[in-house]
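Have a look at the structure below, then the notes.
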There are 2 protein chains.
Amino acid sequence: MRVLVPFDATDPKTRLASVLSKAERDAFARRMLADVVSVIRRVGGDPEIVATAPIDADAPVTVDERSLDEAVNERLDESDSPLAVVMADLALVTPDALESLFESDDEIVLAPGRGGGTNAFVARHPDFRVDYHGASIRDHRAIAAEVGASLTEVDSYRLATDVDEPDDLAEVLLHGEGEAATWLREQGFELSIEDGRVGVQR
Amino acid sequence: MRVLVPFDATDPKTRLASVLSKAERDAFARRMLADVVSVIRRVGGDPEIVATAPIDADAPVTVDERSLDEAVNERLDESDSPLAVVMADLALVTPDALESLFESDDEIVLAPGRGGGTNAFVARHPDFRVDYHGASIRDHRAIAAEVGASLTEVDSYRLATDVDEPDDLAEVLLHGEGEAATWLREQGFELSIEDGRVGVQR
């Protein structure tokens, strides 16, 4: 299956700016991307990075400077075979987790993200389109219903956990199995526990 | 299988105090408990509430005023058959999610919670004990290894999402299928989206 991986190559992971420099955010985002691409390949998918600027990566890269919605919807429009989209910041992803997304036969398979996002999906219906603004999982359910597509949602913590904020780094340290987790440890990040709450320190 | 559900009947969900009164927190916590107990029964488990004070509930209640660790470890100590513990604030729990916990045959089956917690587990090894302080999932992995127990972790967003803070209420509105979600809506809570972030408003 063709699997698009949208990637912000220009200014990635801005909400990590309090704990990582611009160069570090670039490096960390590329490690997460590499992990996602690697897992897609391991479960038999064909990854295709859709980036906002040219990057070196272990997969074909198409540069598309438009919004995420426009870039994804044009490809949904042009595709007449199943198409998947997996976010590039799923640092907890494993082959088992991604297989749970790919193994369903439903026309639309959604993997919700924390905070109402849609972290990954498979579309096998010609009329499905995305709308990533706001609580996109709710909108994507509604769009699937509008076009009359059968719908499944995948219950995976690994797919639900995108890495946006400093607290999310704790999840990477606790559960990540790829290059991104290794990189974080190499930069000196470790778990910290204050007042019973788990975070990270460096 | 015997399934313990620890419940703070005295002052539950204190981190929701900014959005719910004490009486509302009591009511909401009991709705979540009822949802958890109901799903345990639907998948064939025998729920047993371990509460800090007497409560009315649709399951046997034992009052135990000790710490969570002491209350659970004494029962692990005394049990010679498989024992499960499921947190009372898993408002997103469904039969499928809980079955994923129960269907593994490993001696220890852990369901991680966001922020390093352990939201549910099954123990089939005589020497496993709990330590819920700090990043308990890490400690429970270590304890399982120390006692030589086989270990599986369940990848479920529904089991990983315990409801502690106001932002977690958005998850209940987006994904909850039980009484707790209904109750929240009846109290006037709905999703709010500000600067692309999803929360709740009343």
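Annotations
- Filter result for residue B:198 (more than 10 Å from chain A (Cβ to nearest Cβ), surrounded by 16 or more Cβ atoms within 10 Å (Cβ to Cβ) and not in a loop (DSSP other than H, G, I, E, B)): no
- Some residue of the stretch B:35-45 being more than 21 Å from residue B:163 (Cβ to Cβ), buried (at least 19 other Cβ atoms within 10 Å of the Cβ) and more than 14 Å from chain A (Cβ to nearest Cβ): no
- Of the residues making up the stretch A:149-172, those that are more than 14 Å from residue A:20 (Cβ to Cβ) and of a type outside the set (Gly, Ala, Ser) are A:151, A:152, A:153, A:154, A:155, A:157, A:158, A:159, A:161, A:162, A:171.
- Subset of the stretch A:147-160 (residues that are touching a helix residue (DSSP H, G or I) at 6+ places or on another chain (Cβ under 9 Å) and outside any helix (DSSP H, G or I)): A:149, A:150, A:151, A:153, A:154, A:155, A:156
- Any pair with Cβ under 9 angstrom, 6 or more apart, that starts in the stretch A:146-169 at a residue that is of a type in the set (Lys, Arg) and ends at one that is assigned to a helix (DSSP H, G or I) and crowded, with 23+ Cβ neighbours inside 10 Å: A:158/A:98; A:158/B:157
- Within the stretch A:129-160, if we keep just the residues that are within 12 Å of chain B (Cβ to nearest Cβ) and hydroxyl-bearing (Ser, Thr, Tyr), the residue that is farthest from residue A:77 (Cα to Cα) turns out to be A:157.
- The residue that is nearest to residue A:201 (Cα to Cα), counting only those in the stretch A:1-22 that are in a helix (DSSP H, G or I) and open to solvent by 70 Å² or more (accessible area, probe 1.4 Å), is A:15.
- Check on residue A:127, assigned to a loop (DSSP other than H, G, I, E, B) and surrounded by fewer than 17 Cβ atoms within 10 Å (Cβ to Cβ): yes
- In the stretch B:115-128, the residues that are away from every other protein chain (no Cβ under 11 Å), in contact (Cβ under 8 Å) with a residue 40 or more places away in the chain and not charged (D, E, K, R): B:122, B:123, B:126, B:128
- Matching option when the condition is in a helix (DSSP H, G or I) and touching a residue at least 12 places away in the same chain (Cβ under 8 Å), among A:90, A:101, A:110: A:101
- Residue list for the stretch A:161-184, filter: open to solvent by 30 Å² or more (accessible area, probe 1.4 Å), in contact with a helix residue (DSSP H, G or I) (Cβ under 7 Å, 6 or more places away or on another chain) and more than 11 Å from every other protein chain (Cβ to nearest Cβ): A:166, A:179
- Residue in the stretch A:137-144 that is under 18 Å from the mean Cα position of the chain (by Cα) and not in a helix (DSSP H, G or I) present: no
- For residue A:112, the test of being crowded, with 24+ Cβ neighbours inside 10 Å, under 15 Å from the mean Cα position of the chain (by Cα) and within 12 Å of another protein chain (Cβ to nearest Cβ) is passed.
- Among residues of the stretch A:73-100 being of a type in the set (Gly, Ala, Ser) and over 21 Å from residue A:156 (Cα atoms), the one that is surrounded by the fewest Cβ atoms within 10 Å (Cβ to Cβ) is A:81.
The values are calculated or read from the model by the stated rules, or taken from the named source; none is laboratory data. Worth saying up front: this structure is predicted, and the values here are computed from it rather than measured. With ideal geometry, Cβ positions are generated from the backbone for all residues, glycine too; neighbour counts draw on all protein chains shown. What goes into the accessible areas is simple: the full protein's heavy atoms, side chains included, and nothing from ligands, DNA or RNA. Shrake-Rupley method; radii C 1.70, N 1.55, O 1.52, S 1.80 Å.
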